[in-house]
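Scroll down for the structure; my scribbles are underneath it.
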Amino acid sequence: MHIFDEYLNDENVDKRERAKLWRTSIGLQAVDNLTVSGFLIEMARKHIEGEISMDEVSRMINEHYKKPKES
């Protein structure tokens with residue numbers, strides 16, 4: 001099973017489209033032999049489900065990977 005396959009036949013067109021976009025984005029990372037974090041997968045799933053907006057995904061990712069400022 002590939003990532004987000006379970007959404008590709010969902011009756012909700014928005015979920016299907018969001019899943020396709022996330023699969024493409026993650027696939028582009030794989031082309032460069034990069035893997036995405038479980039955190040990103042979790043945020044993508046929440047976005048696909050409509051629980052959070054893309055703006056929220058972006059904000060949460062930025063916060064998650066924010067480096068502490070050096071004193």
Task: Filter pass, Leu21 being assigned to a helix (DSSP H, G or I) and free of Cβ contacts under 8 Å to residues at least 24 places away in the same chain - done: yes
TODO: Answer yes or no as to whether Ala44 is open to solvent by less than 40 Å² (accessible area, probe 1.4 Å), closer than 17 Å to Ile61 by Cα and in a helix (DSSP H, G or I).
DONE: yes
Open item on the list: I'd like to check something: does the stretch 57-71 contain any residue that is of a type outside the set (A, V, I, L, M, F, W, C) and under 10 Å from the mean Cα position of the chain (by Cα)?
Closed with: yes
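Residue by residue, here is whether (1) modelled with pLDDT under 95; (2) open to solvent by less than 50 Å² (accessible area, probe 1.4 Å) holds:
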site: Met1; (1), (2): yes, no
site: Asn12; (1), (2): no, no
site: Arg16; (1), (2): no, no
site: Leu21; (1), (2): no, no
site: Ala30; (1), (2): yes, no
site: Met54; (1), (2): no, no
site: Ile61; (1), (2): yes, yes
site: Lys67; (1), (2): yes, no
site: Glu70; (1), (2): yes, no
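The values are calculated or read from the model by the stated rules, or taken from the named source; none is laboratory data. Because the structure is a prediction, the values reported are computed rather than measured. FYI the Cβ positions are ideal-geometry reconstructions off the backbone, even for glycines, and counts take in every protein chain you see. Ligands, DNA and RNA are excluded from the accessible area calculation, which covers all protein heavy atoms including side chains. Shrake-Rupley method; radii C 1.70, N 1.55, O 1.52, S 1.80 Å.
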